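The values are calculated or read from the model by the stated rules, or taken from the named source; none is laboratory data. The structure presented is a predicted model; accordingly, all values stated were derived computationally and were not measured. All Cβ positions, even for glycine, are placed from backbone atoms using ideal geometry, and neighbour counts span all protein chains on display. The area values use the complete protein model at the heavy-atom level, side chains included, leaving out ligands, DNA and RNA. Shrake-Rupley method; radii C 1.70, N 1.55, O 1.52, S 1.80 Å.
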Amino acid sequence: MAVEGDAKNEAGAESERPAKRARFNWIGSESHGLDKPQVERYSRQLLVPAFGVAGQGTLCCASILVVGAGGLGSPVLLYLAAAGVGTLGIADDDVVEQSNLHRQVIHTEAAAEAGNPKTTSAKEACQRINSSIKVVEHRTRFTAANALDLVRPYDVIVDASDNVATRYVVNDACVVAGKPLVSGAALGMEGQLAVYHDRPGAPCYRCMFPVPPVGARRCADAGVLGVVPGIIGSLQALEAIKVATGIGEPLSARMLIFDALTTRLQTVKLRGRSATCAACGDQPTITAETLPSFDYAHFVSADTDPSPLPVLSAAESVSCAAYKARVVDAGRPHVVVDVREAHQFAIAALPGAISIPLKHLVNRIADVQAAVAEAAARCPAESAAPDVYVVCRRGNDSKIGTRLLRQKGIGNAFNLTGGVVAWADEIDPSFPTY
Amino acid sequence: MVEINLEFSGGLELLFGDVKQHKVQVPAKDGAIQVLISDLLVWIRGNLLKERPEMFLKGDSVRPGILVLINDCDWELCGRLASPVEDGDTVVFISTLHGG
Ligand SMILES: [Zn+2]
């Protein structure tokens, strides 16, 4: 299965069956298409009766596109390259960063330091493991406009992306182009996996979730233990191999749910295809014609955020620079209330800050007042009441905290604009960001 | 009154005091014989939900992006809100994940 375009076949992988080019003193190759080096390289999989030469022969001719070369995509790509998938596509527009390395095990420190594209870094790793396969870089964001062109040349699509909009685009493109989709997700200490749209009657992602969620949490906020996407990604690689070769029973119309804290792995039964699905239903509105101009960003944000941020006036906010100059350097007694969750406060906090997570703040106004009284005792007589600075990670929750304190009568509460991230960027480079 | 095992995951547990598994006893509505999932949602809202109900419920159903499983089976296969729950049933509410 040849993929045209993006990349030259540098490794010189065979796309024709070698049986046509050489005479053999053994029989077998004419039926499975594997040559001597392939038989030797993949021998331990050929010895698995459920897979065998038929599975390997099919896999060596198969093409699989992996959307996202991150925490999930890393093990997917490493295992699919090692297993001998004929053509492996990698779609990602991101560059490697330090905070990727704990889970995106396909990338290296050197790639993070150089800020190399993830597709390049991942391709190099795949070809180091297996120089006999073809690896194609698609260094682009997966969008409505390019989705169909990206998926069409491939047999199986693996969704290893990290956001809601991409998940809908990938699904819809798979439905329109008639491709099976192996979808995985991981966050915190949990993972989920399903195979969509791989056979008549099986649901697609949109059948399951016709309306997008609000307030989806991201790895950058909720965190993720590195090995969790490692496990889900490994299972995605397995399902992709099964779908591509037709062995076993793929996780179709089922979902696997993994709880890392209790080591529970559950498989649940899902609904079938929905006749009213906008993508795969009886009267689909998402088609080859409409998909390229479908506004996915708008679609996933259409449901308004149930708790919008308060809008503070300029007088209710203080920049990190102003706080540093007029308060810290001036030695003015004051109070810093850090409203991040305790586990984030434990990572790094401003000197003298007290930790009151936002959700507890309403019940701990007395603690803030006590801290103000204590600071007042350190002020010269007849000076104004000490100010209260509310800080969080990026300056959003602190707006809510500032508004709450002011409503509770602490009129000199101020939002520290941009949170500890801005403090690290603008004032103190020794302060770790996360 | 039916005894049900409730589970919340995918981050939904944060709305329930960070506890994933709950064993609860839910009464039937006045005059009703069975407890339906719709009754269970009302009961959860009144008795278990600790914060931000809009992150769990929307209208008389669950918020988009939440999958409901009754004894390891998508509630879509058993009647959604009209599905009865019985003694010993396990009902799982799971928020879909998007991270990668
Ligand atoms: Zn569908």
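Summary of computed values
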| item | result |
| --- | --- |
| Residue-span extension gain [A:Ala321 to A:Glu374] - 0.36 nm each, minus C-alpha spacing | 16.6 nm |
| D (Stokes-Einstein, µm²/s), Kirkwood Cα radius, the stretch A:62-301, 0.692 mPa s at 37 °C | 185 |
| Long pairs among A:Lys118/A:Lys242; A:Lys408/B:Lys58; A:Lys324/A:Lys399; A:Lys123/A:Lys179, criterion Cα-Cα beyond 21 Å | A:Lys118/A:Lys242; A:Lys408/B:Lys58; A:Lys123/A:Lys179 |
| Relative packing of peptides A:348-357, A:223-232, A:78-87 - highest average C-beta neighbours within 10 Å first | A:78-87, A:223-232, A:348-357 |
| Residue mean of other protein chain beta carbons inside 10 Å, A:161-167 | 3 |
| Over the protein assembly as shown, equivalent-ellipsoid semi-axes from the Cα gyration tensor in Å | 48, 32, 19 |
| For residues of A:270-282, the mean tally of beta carbons on other chains within 10 Å | 1 |
| Restricting the stretch B:11-88 to GluC sites (Glu not before Pro) in coil, as DSSP defines it, with at most 16 other Cβ within 10 Å | B:Glu51, B:Glu86 |
| Whole-percent carbon and sulfur share, accessible surface of the protein assembly as shown, 1.4 Å | 53 |
| Where A:Ser398, A:Ser132 fall by accessible area, highest first, once all protein chains stay in place (1.4 Å) | A:Ser132, A:Ser398 |
| Loop trypsin sites (Lys or Arg not before Pro), the stretch A:329-372, which have at most 14 other Cβ atoms in a 10 Å radius of their Cβ (DSSP) | A:Arg364 |
| In the stretch A:290-353, chymotrypsin sites (Phe, Trp or Tyr not before Pro) in a DSSP loop with at most 16 other beta-carbon atoms within 10 Å | none |
| Length-normalised contact order for chain A - Cα pairs under 8 Å, 6+ apart - percent | 12 |
| Within chain B, longest stretch free of exposed trypsin sites (Lys or Arg not before Pro) [DSSP loop, at most 14 other beta carbons within 10 Å] | B:51-100 |
| Where chain A is the region considered: accessible area per residue in Å², 1.4 Å probe | 45 |
| Peptide ranges A:41-47, A:61-67 listed from the most packed, as the mean C-beta count within 10 angstrom indicates | A:61-67, A:41-47 |
| Accessible area buried at the B-A interface, both sides summed, 1.4 Å probe (Å², nearest 100) | 2700 |
| The stretch A:314-426, relative contact order in percent, only Cα pairs under 8 angstrom and at least six apart counted | 33 |
| Relative intensity, log₁₀ I(q)/I(0), of the stretch B:2-95 from a Debye sum that treats every alpha carbon as a point, q = 0.18, 0.25 Å⁻¹ | -0.75, -1.58 |
